[in-house]
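What follows is a set of notes on a single structure, which appears directly below.
The values are calculated or read from the model by the stated rules, or taken from the named source; none is laboratory data. From a predicted model like this one, the values you see are computed outputs, not experimental measurements. Reconstructed Cβ throughout: ideal geometry from the backbone, glycine too, with neighbour counts over all protein chains shown. Surface areas here come from the heavy atoms of the whole protein model, side chains and all, with no ligands, DNA or RNA. Shrake-Rupley method; radii C 1.70, N 1.55, O 1.52, S 1.80 Å.
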Amino acid sequence: LKHIFWMSACLPSLLPCQSSAGPMSASLASAQQWPLLMNSPVLGPSTMWRSGVFAPASVAPLTMVPADLNDAKLPGSASGTSVANVAGVATATVVAALAGSASRPARRGCCAARQAVAVNGAVPETSKIGVVSPAKLAKPYEVVIIGGGPAGVAAGLRAAFLGRRAIIVDKPKVAPTSTGLDVSFGGPTGLWSKALRDTAKTTDIATLRSMRLDDDVIWKQIVKNCITLATGNASYQVGRLERYKVDYLQATARLSEPGRVVVTHPDGSETELKSDNVLVATGSLPIRIGSIPFDKRRVFDSDSINSLGFLPKSVCIVGSGIIAIEYAKIFRKLGAEVSVLVRSNAKQALQRIGLDEDISGALLDSLRNDGVMVYEGVEAESFDVPNEDEPGPLKLKLKCRDDAPKCILDLEVDVFLAATGRRPNSAFLEKLGCETNKDGSVKVDNNFKTTVDGIYACGDLIGAPALASTGEFQAATAVERMFGDGAGKAMPVFPIGMWTIPEVGYFGLTKEAALKEGIVAEEGVASYSDCLRGRVFAPEGMLKLVFRKDDGVIIGVHIIGTDACEMVHYGMDLVHKGSTIFDVMTTLFTAVTFHELFRSAALDGNNKLEFGLEWRAILKDMSLDWGKASEEVDMDEVRQKFDEIDEDGSGELDPDELQACFASMGKPMKKATIANLVRLADMDGNGLIDWDEFSRIFKTIVAMGSEMEQGEQPEDASAVVEALMPEMANS
């Protein structure tokens, strides 16, 4: 039964397979090999089922592909046929399936060619990923997309959804696998750092070393895990393009003139693609300081660090931005001693990119608490890099500014990483005549069209904010507009996520930015330990709500801690809807979730208000029509009424006297309302209201009554944020 089940599940995709030598004489055609395959420790039925290769759609893949899949040989196989080849499934397809990109039986269709793999591992040329037949390339495309990152893939898919014929041309960033898969395809610039971060969080280097595992073994496993994550993403992206019939060509592209794209194939041959529309999404490159001797062995930039070949015990990072901090925490998690060199003030540098002052401080404190050494006002002056066959450390000579808090002059490390920012990859567009800005970003109009007709640009290429999320939106919008769709669609405001450890997410204005814009703002702060889940699982962190003092409307959300990049989207929705801290205080959240922190922060903000939520019902009862604005009320006249009621001249009124005072002004109040007013306004607890307390409350009552009479509505907070966010993003 076991054999019959396995055959029935796999046979439909295996029967068409033929080797270059003929029918399946050396593969699954031989019934004698079924028992061998069934008993294989690599591709036995239980492994295949758990991995999802032929599991039903409802069963999630549970295991990753063994590293030795290609090398595992069938027992008793004279020809040395590998298990993967005998199964008739290309290695990359199996990897993708086992990594979770496929959870249903292998079937014929867009990927059928790669399932029909020859016995000796050869893949038919037309079935390889990134290969497009000459017949297809000869036909004009409606849009040619140069660049295979998140923006390029988003553009290709949007073109397909509009019924347009599109092709993505991308030069592989790493050597493709035997099936042609570029594991970096479709991934963002920070794909490697995200994969390395995920691995570092779950890898205990000290424990592995205590087990006497060699560092080379540990590092190979770390790299393997990163490649597995990247492979799953690349396979998913390729599958989506195939599903919607978007061509994907691995080649180097150049624009000879508008409408003509010349591609150079891996074998050196060239093909000209014709299209009236070209969208360029070639991303960005690391900024390299000329005095740094980059060698991809010991000295790296934020791209070449992907080729690091060993587990370092000490790392020096120069930079103060997101990339520098991400890698500082990653390498520290991997057991390295980490030093960060910042030419200026680290906290101010983070605030310049939009981080809240307290969030910036908390992030730097987290670095220092983990043992990362942060040297401000210090930079590398010279490098002594050992030769390739020399095992010694890389020696740095440093120089310090006069105001440097702590100065060191020498540093020895295994690895030096320069994370000094990135620049648009726009040089080839400049040659074509596309105008650029001072920072090298390409100038585009509201339709993402460059100054050259028929050529569009998006993503990092056009400058800030240079995020994967915004790049995808820009790419999709550019495609819509080149075909006359999406008119009037504005670039939305967007949240920021920093995949540091801990995460940082923010949206909207900081209190400082709001005050600069003339908005009277306050903030409510919650520690992660203010909610049960935080106290139990992740006590380190902070959530902050920035709101207008006059009406409590939320205009900014800033988070540092576990799941910050997820929770920021709820905060963004609060700002968009014009929600108040009073709304959040009365919102029901699922118990034992981090989202309860929003209510804690709202409560803290309420406590900072002169008239918080506990006052609002009372003030609403007392908000009568005074027929004038609060600034028009004659307070001398009101004081006269106050003194007339204060018969004993004590300067204070009891509840009955206070009620009589309002009645004398023609504004009678309920006794219960007066009692609650005294309860909240009586600061010294003597049960009486003095003139200062009375005048403060009176002005608020008049102001609320005036607004109700005139039907005034506060300025839309969402509109304020949308107006100010682009300027902050560009900074």
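Of note:
- Here the range 539-615 exposes an accessible surface that is 52 percent carbon and sulfur, computed with a 1.4 Å probe and the other protein chains kept in place.
- Accessible area expressed per residue, the range 140-247, with surrounding protein chains retained (probe 1.4 Å, Å²): 43 Å²
- The mean sequence distance of close C-alpha pairs (under 8 Å, at least 6 residues apart), as a share of the length of the range 504-609, puts its relative contact order at 33 percent.
- Which listed pairs, of Lys194/Lys544; Lys171/Lys443; Lys347/Lys438; Lys194/Lys224, have C-alpha distances above 18 Å, in listed order: Lys194/Lys544; Lys171/Lys443; Lys347/Lys438
- Share of carbon and sulfur in the accessible heavy-atom surface of the range 148-267 [1.4 Å probe, %]: 54 percent
- With all protein chains in place and ligands, DNA and RNA left out, the 1.4 Å accessible area ranks Trp499, Trp219 as Trp499, Trp219, largest first.
- Eligible aspartates and glutamates near Lys128 by straight Cα distance, threshold 19 Å, same-chain separation 8 or greater: Asp170, Asp182, Glu242, Asp247, Asp267, Glu270
- Evaluated at q = 0.22 Å⁻¹: base-10 log I(q)/I(0), Debye formula over Cα of the range 514-563: -0.74
- Ranked packing of 131-137, 256-262, most packed first, by mean Cβ within 10 Å: 256-262, 131-137
- Of all lysines in the structure, those lying under 22 Å Cα to Cα from Lys397, and not within fewer than 8 positions of it along the same chain, are Lys296, Lys313, Lys406.
- Sparse-neighbourhood loop sites, GluC sites (Glu not before Pro) in the range 409-442 - DSSP loop, at most 15 other Cβ within 10 angstrom: Glu435
- Heavy-atom accessible surface of the range 276-432: percent carbon and sulfur, 1.4 Å: 45 percent
- Geometric descriptor of the range 443-521, per residue, is 121 Å³ (volume of the convex hull of the Cα atoms).
- Where labels lie 7 Å past Cα in the beta-carbon direction, separation of Ser210 and Ala672 in nm: 6.5 nm
- Packing-based ranking, highest mean first, of 635-648, 677-690, 308-321 given that Cβ atoms within 10 Å are counted: 308-321, 677-690, 635-648
- Under 12 Å from the Arg535 label point (7 Å along Cα→beta-carbon), backbone N, the range 580-608: 592
- Reachable aspartates and glutamates from Lys608, criterion Cα separation under 15 angstrom, eight or more residues apart if same chain: Glu522, Glu523, Asp550, Asp551
- Heavy atoms of His576 accessible to a 1.4 Å probe, total area in Å² rounded to 10: 70 Å²
- Label point at Arg165 placed 7 Å out along Cα→Cβ; residues across the range 259-275 whose backbone nitrogen lies under 14 Å: 273-275
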